[in-house]
1. Could you calculate, for the stretch 198-315, the ratio of the Cα radius of gyration to the Kirkwood radius, expressed as Rg to Rh?
2. Mind checking the full-extension length gain between residue 328 and residue 252? Use 0.36 nm per residue of separation minus the Cα-Cα distance, one decimal, nm.
3. Taking the stretch 47-165 as the region of interest, what is the percent of Cα-Cα pairs per 10 angstrom bin, listed from the shortest bin to the one with the maximum distance?
4. Compute the semi-axes of the equivalent ellipsoid of the stretch 143-186, taking the square root of 5 times each eigenvalue of the Cα gyration tensor, and list them largest first in whole Å.
5. How long is the chain along each principal axis, judged by its Cα atoms, biggest number first, in Å?
6. How compact and how long is the stretch 301-341, expressed as Rg and Dmax of its alpha-carbon atoms in Å?
7. On a 0 to 90° scale, report how tilted helix 255-289 is relative to the longest principal axis of the chain, with both axes built from alpha carbons and the result rounded to the nearest 10.
8. Quick one: helix 2-14 against the long Cα principal axis of the chain, what's the angle to the nearest 10°, folded into 0 to 90?
């Protein structure tokens, strides 16, 4: 909190806060300042900039979103807090950044090993998940406008990773939280480190692999200059990108303006899936030609991973009432749609 306060003081000195405060009183158009951790040239960054353009178009110019990329205003893990306080208006990161506020956010950030495709997960949000999420978001003075999701991520490794048995003793970069717990159950050695340190850690042999991102992004990072093995198609992780706005700012919008924001997300969500699939397929072809082994796990190994994941889901469900509600909703949806036996 002290760090965020210092950041806000610095922003005030530069005039950023004065700008946003004075502009907030403009009746028409309504300016909204959002931040994402993605850079402007990334798949998600481009999608969010397009979201901003679409909001302006769909609202007939009455709402104008400025999307600050690359965490240019506050740190990535401070964007939600800054939005809830009204320092900025919206957060375009993901619930995975705020699991410390309530464990339930994990179930809105990444259901590790739960869903096979982005479409399945988006279906859960359409089938009541969004309303349930907002029961939680509203407790933090935030409103979840919607989500979008890229393709499942791929694991990268300097050693073969053909199936679940290869996880035993496998030391790899992992994000914190649920994922580390699942892989530990399977005998792996997750090492939590920032995304930006992955290449160096693999180059020096500090880790033998990484859970970084999709196959295409991993290739762009240069991981396959070192790692000659990758799981593809991915199955273990599918981070959810959220677009959340300060609740008071949301309530100040009229119904047509709110719908414009919802429709903008509905437009970019399938576009992100299509583009992510295309980029992964192109990367797969190029990597195969370059001698990288792409390992498609068997259904048996995927189910074994999911079984370990289910045990961890159930444990996380005990950590707060809101986590239990989200867990129950996911399980019910998965069973109803044949995703889970």
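Readers should treat all values here as calculations from the given coordinates under stated rules, not as data from a laboratory. What you see is a predicted model, and the numbers here were worked out from it, not measured in a lab. Reconstructed Cβ throughout: ideal geometry from the backbone, glycine too, with neighbour counts over all protein chains shown.
1. Working: Rg = 19.1 Å, Rh = 17.4 Å.
Radius of gyration over Kirkwood radius for the stretch 198-315 works out to 1.10.
2. Values: separation 76, 0.36 × 76 = 27.36 nm, distance 3.26 nm.
The residue 328-residue 252 span can extend by a further 24.1 nm.
3. Cα pair-distance distribution for the stretch 47-165, in percent: 11, 35, 36, 13, 4, 0.
4. Values: eigenvalues 143, 38, 16 Å².
Working from the Cα gyration tensor, I get semi-axes of 27, 14, 9 Å.
5. Principal axes ranked by extent give 60, 41, 38 Å for the Cα atoms.
6. 10.7, 32
7. So the helix axis and the longest Cα principal axis differ by about 30 degrees.
8. 50 degrees
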